[in-house]
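**Q** Right, I'll just put the structure down here and ask away after.
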2 protein chains.
Amino acid sequence: MSTAQRRGRRPGSPDTRAAILSAAREHFAAAGFGGTTIRAIAADAGVDAALVHHYFGSKDDLFVAALALPVDPRELLTTATLGPAEQAAEPLLRTFLSVWDDPGLQPGLLATVRRVLEPGGDKLIREGFLPVVIIPMGERLGVDRPDLRMPLVASQVIGLILARYVLRIEPIASLGTDELVGIYGPVVQRYLTGDLPVQ
Amino acid sequence: MSTAQRRGRRPGSPDTRAAILSAAREHFAAAGFGGTTIRAIAADAGVDAALVHHYFGSKDDLFVAALALPVDPRELLTTATLGPAEQAAEPLLRTFLSVWDDPGLQPGLLATVRRVLEPGGDKLIREGFLPVVIIPMGERLGVDRPDLRMPLVASQVIGLILARYVLRIEPIASLGTDELVGIYGPVVQRYLTGDLPVQ
């Protein structure tokens, strides 16, 4: 086999996609979402920038793909944000819990959380996950000040993830969906649409 | 120098204390708080169990010492839990924030958080920090069901720690103490003394 044959990647081959995703992960982790360009990722992966767009769509889409989540949170949460913002906490929490409690999805989600908690992972959240996934959810809901309210929602949801799935603190680890929605629903709803003492 | 001299540790020497703490960390991480005995730690450190008690006090005290926190949370939070439970959220949050926002203490606290988030660290929280530090705080406050309420408080405080200090999500990372107390105070107070829809 010639060197050219061995090194050659067919467009659309799993190798090319993997090379792009691998380069994307390195760039997003090192430079954050804002400091990363499709052009630089393409160069590192040895492909044309147009091919990256062809495979993965926008930079937002590539970022979500690079997170290697078992589900695209933007699709899932779309149905949860169809109703009025004043009642959004319950469907948001139910959607969130149904995904996290799924034994087929939980290992992949836990792996993502562990990656985010490693040094450098903070940038992925601050410059990627928040502006690409979390803040737009608040915009779609039409809440005022999504840039303030959605991080507050995140601060309780992150704590719930850590307590229930990572640290497995009882009774939080064993409570049913209805009980968790009853406990955390009013808190998340206040962060979404309640009065907050912030200028 | 003879072998005996090189290996010898004087009681109270920094070496002996460090050996005990090192053995304690290994045991607590591997077997959890409940599965660890002072006797086993002493044996690993090559000292008598009585010496461990002499240096570190109770098993609770040794556990807190092994966490290597820059402050003993039990002492700090004692003053915050002197008033009525119905008004405890604000002093608890103010004490918590004053410690975490102290630039001299924050690096040590962050190091502890990172250690806890590594594999095995969940046991330290579940079997150590919760029953030794967090649940007793609720008992001292006289809340009903501290075994349920204090983990809920922890789930919001953990999320606040992650958002403000680890992931440094804005605006949470930059908000002042009064604003944070205004945002999180009612949530923590509800978890401490509010109506909760749990059997």
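Read-outs: derived from the displayed coordinates by stated rules, not from any lab. Since the model is a prediction, treat every value here as computed from it, not as a measurement. Cβ sites come from the backbone with ideal geometry, for glycine too, and all protein chains shown count toward neighbours.
**Q** Where the only charges are on Cβ atoms (+1 Lys, Arg; -1 Asp, Glu), what is the dipole of chain B about its Cα centre, to the nearest 20 debye? Walk me through the intermediate numbers first.
**A** Numbers: 20 positive and 22 negative charges, 166 e Å.
Here chain B has a charge dipole of around 800 debye.
**Q** Could you work out the mean count of beta carbons from other protein chains within 10 Å of each residue's beta carbon in B:133-142?
**A** Rounded to a whole number, the mean comes out at 0.
**Q** Averaging sequence separations of C-alpha pairs under 8 Å and six or more residues apart, then dividing by the length of chain B, give the relative contact order as a whole percent.
**A** Numbers: 169 pairs, mean separation 42.1, N = 199.
Averaging sequence separation for qualifying contacts and normalising by length gives 21 percent for chain B.
**Q** To continue, here is another question. First obtain the Kirkwood hydrodynamic radius of the protein assembly as shown from its Cα pairs, then insert it into the Stokes-Einstein equation at 20 °C and 1.002 mPa s, and state the resulting D in µm² per second as a whole number.
**A** Values: Rh = 23.4 Å.
Once the numbers are plugged in, D ends up at 91 µm²/s.
**Q** What are the label-to-label distances in nm, one decimal and shortest first, from A:Pro103 to the same spot in the other copies, with labels 7 Å along Cα to Cβ?
**A** List, nearest first: 5.1 nm.
**Q** Dipole of the protein assembly as shown (Lys/Arg Cβ +1, Asp/Glu Cβ -1, origin at the Cα centre): which of A:Leu77, B:Val166, B:Thr95 lies farthest to the positive side?
**A** The residue sitting farthest along the positive end of the dipole is B:Val166.
**Q** Sticking with this one: What are the extents of the Cα atoms of region A:7-109 along their three principal axes, listed from largest to smallest and rounded to whole Å?
**A** Its Cα atoms span 52, 29, 24 Å along the three principal axes.
**Q** Quick one: if the Förster radius is 22 Å, what FRET efficiency do A:Ala68 and A:Asp15 give, using the C-beta to C-beta distance and rounding to 0.05?
**A** Step by step, r from the Cβ atoms, then E = 0.85.
**Q** While we're here: Put a point 7 Å out from Cα along the line to Cβ at B:Glu86; what are the distances to that point in the other copies, in nm, shortest first?
**A** 3.0
**Q** Hey, any idea what the orientation-averaged projected area of the convex hull of chain A's Cα atoms comes to, in nm²?
**A** Orientation-averaged projected area of the Cα hull: 13.4 nm².
**Q** Estimate the FRET efficiency between B:Ala31 and A:Ala31 by the formula 1/(1 + (r/R0)^6), using the beta-carbon distance for r and 41 Å for R0, to the nearest 0.05.
**A** My answer for the efficiency is 0.45.
**Q** So, one more: Using a 10 Å cut-off around each Cβ of peptide A:16-24, what is the average number of partner chain Cβ atoms that fall inside?
**A** Other-chain Cβ atoms within 10 Å of each residue's Cβ, averaged: 0.
**Q** Give the lysines whose C-alpha is closer than 19 Å to that of A:Lys59, dropping any in the same chain fewer than 8 places away, or say none.
**A** A:Lys123
**Q** Please give me the summed charge of the neighbours of A:Leu67: other residues whose Cβ is under 9 Å from its Cβ, Lys and Arg +1, Asp and Glu -1.
**A** With Lys, Arg at +1 and Asp, Glu at -1, the neighbours total +2.
**Q** Moving to a separate point now. For region A:104-199, what class follows from the C-alpha gyration tensor (a ≥ b ≥ c being the square roots of its eigenvalues): rounded when a/c is under 1.5, otherwise prolate if a/b is larger than b/c, else oblate?
**A** Numbers: a/c = 2.07, a/b = 1.16, b/c = 1.78.
Taking the square roots of the gyration eigenvalues as a ≥ b ≥ c, region A:104-199 is oblate.
**Q** With labels modelled as points extended 7 Å from the Cα through the Cβ direction, what inter-label distance (nm, one decimal) is found for A:Leu110 paired with A:Ser174?
**A** Between A:Leu110 and A:Ser174, the label points sit 1.8 nm apart.
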